[in-house]
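Beneath this line is the structure, given in structure tokens, with notes to follow.
The values are calculated or read from the model by the stated rules, or taken from the named source; none is laboratory data. Because the structure is predicted, anything quoted here is derived from the model rather than measured. We place every Cβ from the backbone using ideal geometry, glycine too, and count neighbours over all the protein chains shown. Protein only, heavy atoms only, side chains kept; ligands, DNA and RNA dropped before computing areas. Shrake-Rupley method; radii C 1.70, N 1.55, O 1.52, S 1.80 Å.
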Amino acid sequence: MNRRENLKLLFTGSVGTGLLLAGCSPEEQALPKQALLSGGTIGGRTEEEKLRDQELLSENFFTEDEMKKLNILVDIIIPKDAESPSATEVKVPEFMEFIMKDMPYNQTPMRGGLMWLDFEADEKFGKPFLELSHEQVIEIVELVAWPDKATPEYEGAVKWFNLLRNLTCSGYFSTEAGWKYIDYRGNQPNVWDGVPQEVMDKHGFTLPEKYVPIYLKPEDRGTVAQWDDEGNLIG
């Protein structure tokens, strides 16, 4: 597996569940703005939210062995490459630790999946997951990483790995390194000059010759377009 393959699975719908980038439960999203921001500033953290964050950060959900498993798995999903750091380097497992407490409905499926790794490792290789070689780890991951190829007996494990992949991508792409990797630029002032010519050429499209003289040009941006009675652009 590589990061591009995992991103393709994530964004083409094979994974089946959405990114958790919003960070709010449906109940929280339904609350009026003043209920979430009372006592705070727009876009900031209220004192109540800060205290809750501190409480969650003071607790540990994952065991030491579970964190070791996560470190292995997230770096398989998003490994280090020439362009950007690995998932562990931007602390994706620590992000998952927080999410498990912030969204506790993820706890049972996540812990169950991490337990399944040991069961499968024992079945196939006669030892715990953390004692496997890299090649053996990949052999287990390949069983559940491709939803369309997995056999029916791994249906539950596939759902768990989908959750793991979603959380890995959610954590990674909420960091500066993740933004840079996908070249996310946010809202920027710009000018739309139509579909770039190289894109038109790539897909075999051309502009109707009769309209080329009257298409909008940069120097005419302030000109109001005109149409005839039949809806044809005339100037």
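Some values worked out for this structure:
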read-out: Residue pairs, from the table LYS69/LYS101; LYS68/LYS91; LYS80/LYS180; LYS149/LYS202; LYS69/LYS159, whose Cα atoms sit over 21 Å apart; value: LYS149/LYS202
read-out: Segment 184-218 versus segment 133-182: alpha-carbon centroid distance in Å; value: 38
read-out: Point-charge dipole on Cβ atoms (K/R +1, D/E -1) for segment 49-199, about Cα centre, debye to 20; value: 280
read-out: Sequence of ARG111, ARG52, ARG45 from largest to smallest accessible area, 1.4 Å probe; value: ARG45, ARG52, ARG111
read-out: By accessible area with a 1.4 Å probe, ligands and nucleic acids excluded, highest first: order of ASP229, ASP183; value: ASP229, ASP183
read-out: Quotient of Cα Rg and 2.2 N^0.38 Å for segment 60-187, N being how many residues it contains; value: 1.07
read-out: 5 Å binning of all Cα-Cα separations within segment 117-235, expressed as whole percents from 0 upward; value: 2, 8, 10, 10, 10, 8, 7, 7, 7, 7, 7, 6, 4, 3, 2, 0
read-out: Dipole axis of segment 46-133 (+1 Lys, Arg; -1 Asp, Glu on Cβ), positive-most option in ILE77, MET100, TRP116; value: TRP116
read-out: Nitroxide proxy distance, nm - points 7 Å out along Cα→Cβ at ASP122 and LEU207; value: 6.9
read-out: Heavy-atom accessible area order for TYR172, TYR105, TYR181, largest first, 1.4 Å probe; value: TYR105, TYR181, TYR172
read-out: Burial order of peptide ranges 138-148, 201-211, 124-134, 93-103 (average beta-carbon count within 10 Å, highest first); value: 93-103, 138-148, 124-134, 201-211
read-out: FRET efficiency for THR63 and ASP148, using Cβ-Cβ distance with R0 set to 30 Å, rounded to 0.05; value: 0.40
read-out: Accessible surface of MET67 - all protein chains present, 1.4 Å probe, nearest 10 Å²; value: 40
read-out: Positive-pole candidate from TRP146, THR175, PHE161, dipole of segment 131-186, charges at beta carbon; value: THR175
read-out: Burial order of peptide ranges 74-83, 151-160 (average beta-carbon count within 10 Å, highest first); value: 74-83, 151-160
read-out: Segment 120-171 shape via C-alpha gyration tensor axes, a/c threshold 1.5; value: oblate
